[in-house]
Amino acid sequence: MKTEKEKMADGEEYSPYDPELTKMHRDALTLLEQYNNRYFVRCDEGKELLHKLLPHAHPSLVIQPPFLCDFGFNIYGGENGFINYNCTILDTAKITLGKNILIGPNVQLYAPMHPIDYKLRATGIEHGEPISIGDDCWIGGGAVICPGVTIGNRCVIGAGSVVSKDIPDDCMAAGVPARIIKKLTGQ
């Protein structure tokens, strides 16, 4: 029989109130509190603590506090990337960050999904859907990336957009919901 953590990792329905997951979440929150308080002014000095929180993220990823996430261990990549103030990543599924990404302030990446049926939703179960952001992307401030979305390489997502569907390579998308407004070509 699978643990709730294994179910979460496999994209199956799981209980977020499971004692193992609750402890892992609290441990992540403890590290986040330390990172956000100690390194708010000098985030470049918090690499060791950030790596402890995000063991699969690239060591060159810079995250400007304050930063929030659910677990941290489901966040991957981000080589030479920069994440600005107030980013929230709910990593109940794998979150993949490409190389050279720029993520603006107040951006939110949400992997959790709750049942549509209210009776199931009342049980507290949920599942996660992975999010992937390609290389060389710029996600404008205040954008929301919804569960299961893949954003291709070299994309620009306009500030305040809500991305609920995949965006192919080399596109600029904006709006609520986000739609492709321009195909980008190499300069």
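Rule-based calculations on the coordinates, nothing more; no lab input. Keep in mind it's a predicted model, so treat the numbers as computed, not measured. For neighbour counting, all protein chains shown are included, and Cβ atoms are generated from backbone atoms with ideal geometry for every residue, glycine included.
For the chain, which semi-axes, largest first and in whole Å, follow from the square roots of 5 times the eigenvalues of its Cα gyration tensor?
Working through the eigenvalues yields semi-axes of 26, 22, 13 Å.
Farthest toward the positive end of the dipole of region 4-183, out of ILE157, VAL62, CYS43, is the Cα of ILE157, where the dipole comes from beta carbon charges about the Cα centre. Under the convention that each Lys and Arg Cβ holds +1 and each Asp and Glu Cβ holds -1, the size of the dipole of the chain around its Cα centre is about 420 debye. Taking every DSSP beta bridge that has both ends in region 5-153, the antiparallel portion is near 10%.
Once you reduce region 20-60 and region 130-187 to the center of their Cα atoms, the two points are 26 Å from each other. For LYS165, the lysines whose Cα comes closer than 28 Å to its Cα, not counting residues fewer than 8 places off in the same chain, are LYS5, LYS7, LYS94, LYS99, LYS119, LYS182, LYS183.
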